[in-house]
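Read the structure below first, then the notes.
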Amino acid sequence: MASSMGKVELRTLGNTGLKLSSVGFGASPLGNVFGPVSEDDAIASVRLAFSLGINFFDTSPYYGGTLSEKVLGKTLKSVGVPRNEYIVSTKCGRYAEGFDFSAARVTKSIDESLARLQLDYVDILQCHDIEFGNLDQIVNETIPALQKLKEAGKIRFIGITGLPLEVFTYVLDRVPPGSVDVILSYCHYSVNDSTLDDLIPYLKSKGVGVISASPLAMGLLTEAGPPEWHPASPELKSACQAAAAYCKTKGKNISKLAMQYSLSNKDISSVLVGMNSVKQVEENVAAAIELANNGKDEETLSEVEAILKPVKNQTWPSGIQQS
């Protein structure tokens, strides 16, 4: 299947000069976050991803308590692709033991991550889920510490991640222009919630690249439904369930529809989706290539949007609120 599929397109990330695959490989599942993944499966998935044009891999020391970074590092080494042909993003500030955005911790963190990833540098280092920290500390202490890591050649670009969109404007309005290169937003550009779109002109004006994760809204937009712990309201869960069931009656798959919806916005450089099997890599790339060749399934999409209209753009709290 792979050889006849074609390859996913590359898109420029803000002002970085990096060209990311429109489908990004989310490596949190390699940390056994969603169940055990064998080393063979991990290697086969990453090898196939490369062959289909995926060049962007995202991880964090938080995923699987550092296991995701270790497995990704081992896998990239096994596959043996030249370092300049792929882009690795990891994070700092969030760990299995809690949050710590201090300059000392993030400076130590990158050395730990590089050792686990078996790399000399990462392309992007992101402050992970900044709404759980003190945003003024992020501005005044964490970002300057990351600037020093950039000067030392351990990282190439700096990013911030979080769920509430207002954390991005808070930080970007207060740091020197050009000191943050990229934001990673999740669950805000999918069929049920497209609020990230409103922020894109602002991000473009700042020269900041955009990565969007969780096109399936952490499992809401799947036939199997979300995990038990999903923080969405009962109304949102049941509307998404109804939309998934409707797609199924039409012989369509809501996950593919959702993936294509997210990919269709060219202002988003990469849509990051967790993958842990050859089958998932194939399905995500096939969705991207079908979209490039045939466009979106507008008819089914408009019907699904009608079902989701009462809950459109409904989000959920991150947990710990910024005071």
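What follows is calculated from the coordinates using simple rules that are stated; it is not laboratory data. It should be emphasised that the depicted structure is a prediction, and the values quoted were computed from it without experimental measurement. Methodologically, a virtual Cβ is constructed for each residue, glycine included, from the backbone with ideal geometry; neighbour enumeration extends over all protein chains shown.
Can you tell me which residue in the range 263-289 is nearest to residue 252 (Cα to Cα), limited to those that are polar (S, T, N, Q) and touching a residue at least 60 places away in the same chain (Cβ under 8 Å)?
Let us first name the residues in the range 263-289 that are polar (S, T, N, Q), namely 264-265, 269-270, 276-277, 280, 284.
Now restrict to residues that are touching a residue at least 60 places away in the same chain (Cβ under 8 Å): 265, 269-270, 276-277, 280, 284.
On the way: 265: 21, 269: 26, 270: 24, 276: 23, 277: 22, 280: 17, 284: 15 Å.
So, considering only residues that are polar (S, T, N, Q) and touching a residue at least 60 places away in the same chain (Cβ under 8 Å), the one nearest to residue 252 (Cα to Cα) is 284.
Rundown of residues vs (1) touching a strand residue (DSSP E or B) at 6+ places or on another chain (Cβ under 7 Å); (2) more than 21 Å from residue 270 (Cα to Cα), yes/no style:
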| site | (1), (2) |
| --- | --- |
| 52 | no, no |
| 55 | yes, no |
| 69 | yes, no |
| 78 | no, yes |
| 87 | yes, no |
| 91 | yes, no |
| 94 | no, yes |
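Using beta carbons and a limit of 7 Å, which pairs, at least six apart or on different chains, have the first residue in the range 167-191 and free of Cβ contacts under 8 Å to residues at least 60 places away in the same chain and the second one in a helix (DSSP H, G or I) and among the hydroxyl-bearing types (Ser, Thr, Tyr)?
Close Cβ pairs (under 7 Å, with a partner that is in a helix (DSSP H, G or I) and among the hydroxyl-bearing types (Ser, Thr, Tyr)) amount to 169/202.
Given (1) in contact (Cβ under 8 Å) with a residue 40 or more places away in the chain; (2) under 30 Å from residue 71 (Cβ atoms); (3) of a type outside the set (D, E, K, R), where does residue 242 come up short, assuming only one miss?
Status for residue 242: all satisfied but (2).
Being in contact with a Ser or Thr (Cβ under 8 Å, 6 or more places away or on another chain) and under 21 Å from residue 39 (Cβ atoms) narrows it down to one residue among 72, 67, 119; which is it? Please lay out each step first, then the result.
Numbers: 67 fails: in contact with a Ser or Thr (Cβ under 8 Å, 6 or more places away or on another chain); 119 fails: in contact with a Ser or Thr (Cβ under 8 Å, 6 or more places away or on another chain).
The match here is 72.
How many of the residues in the range 119-154 are without any contact (Cβ under 8 Å) to a residue 40 or more places away in the chain, under 22 Å from the mean Cα position of the chain (by Cα) and closer than 23 Å to residue 57 by Cβ?
Residues meeting the conditions: 5.
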